[in-house]
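FYI, it's all coordinate maths here, none of it is from the lab. Note that the structure is predicted; figures quoted are calculated from it, not measured. Note: ideal-geometry Cβ built from the backbone for every residue, glycine included; neighbour counts use all protein chains shown.
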Amino acid sequence: MSGFENPDATESSRQLTGWPDSTKLLCLTRRLGGNFAHRMKLENRLALITGGGRGIGRAIAIAFAREGASVALAARTRAQVDRVADEIASEFGVETLALECNVADAESVSRAFAHSSEQFGGGPDILVNNAGIAETAPFAKTDEAMWQRHLETNLTGTFRCTRAALPEMLARGWGRIINIASIAGKTGAPYIAAYAASKHGVLGLTRTLALEAGASGITVNAICPGYVDTEMTSRGIEKIVTKTGKSADDALSALKQMSPQNRLVTAEEVAALAVLLASEDGRGINGQAINVDGGTVLF
Ligand code: NDP
């Protein structure tokens, strides 16, 4: 709908009868601007966010709820998704659902999606594949179990949740799939062979599905953060301290210095991009892998 079809606009025009044309236009623009400023970007949307119990997933859930979306949060630690669901429901008044779900287990994913559909009367309009793990080891010590853990969670977990959400999006002719990958999915780095391979896979999946589903009102994109200030990075710092004997401050400084901004990205910065990709404003962005890394990959 264009602004001039807005019933409020017609009312505003009537009230301004007799004013000079330029003043009318100015007042009208201000009133319309006021109306649109309050329109939330994700009203009447349901978002399912994996890994929504903390870190980036939690920040995305909060940002989506602030824009009016209902949110379903899925992770293995029940207490964490419960806490975030309660926090969001009380702060934003949107409907929330906490789902205990392991994305590395096909049955668990099916149960979680069925539970969500039952609660909300349908599948998600927006799927954020954010659940992920990151362990470090030199390649020689990357055993098959570690390799499989990363692929099962980061890549196959994304595949499974997407398969569960996509049919209804296709039927509806509208959908948003946002995969939280990593700059490690573009560049690689020492000691993260399993993680980097899984995230490269996520980008391949993103691009392929974007081409397949693009004609059906669905966009599929990836966000590639640099180091984000979350527990995942804190655990990485602990590992550096254990392995190298560096202090935690020195390890943190080393990570910050990988960015020309000399800082970690915040989860809220990643969430801000997720809101754009999930919204109507983001409909022209499809098949992209967008870095939120302060320019790290240029360094
Ligand atoms: P956190 O470790 O803080 O949070 C990860 C979330 O994923 C938790 O809610 C965790 O819950 C959930 N999760 C992990 N494994 C599973 C599983 N098998 N099934 C369901 N949920 C699972 O990490 P971040 O918030 O930092 O990371 C989120 C995403 O962002 C990940 O995909 C990560 O790879 C990516 N990323 C992070 C970066 C960083 O620097 N932090 C940089 C680039 C990308 P639970 O353990 O309870 O299941």
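Close amide H partners of ALA69, meaning residues 5 or more places away or on another chain with modelled amide H under 5 Å apart, are LEU42. Between amide H atoms placed 1.01 Å from N, distances below 5 Å from ILE290 occur with ALA222, ILE223, CYS224, all of them 5 or more places distant or on a separate chain. The string of couplings for the stretch 215-220 from the Karplus curve (6.51, -1.76, 1.60, θ = phi - 60°) is 7, 10, x, 10, 10, 10 Hz, one whole number per residue in order, with x for Gly and Pro.
Helices that extend 20 Å or more along their long axis by alpha-carbon positions and average at least -0.5 on the Kyte-Doolittle scale are, among the DSSP H runs of the chain, 21-37, 78-92, 106-120, 157-172, 193-213.
Counting every other Cβ atom within 10 Å of each residue's Cβ, ILE126, ILE133, ILE192, ILE290 order from fewest to most as ILE290, ILE133, ILE192, ILE126.
Straight Cα distances below 18 angstrom link LYS256 to the lysines LYS239, LYS246, with same-chain residues fewer than 8 positions distant left out.
Going from the residue with the fewest nearby Cβ atoms within 10 Å to the one with the most, ASP293, ASP82 rank ASP82, ASP293. Using a/c under 1.5 as the rounded threshold, could you call the chain rounded, prolate or oblate? The axes a ≥ b ≥ c are square roots of the C-alpha gyration tensor eigenvalues, and prolate needs a/b larger than b/c, oblate otherwise. It comes out prolate by the Cα gyration axes.
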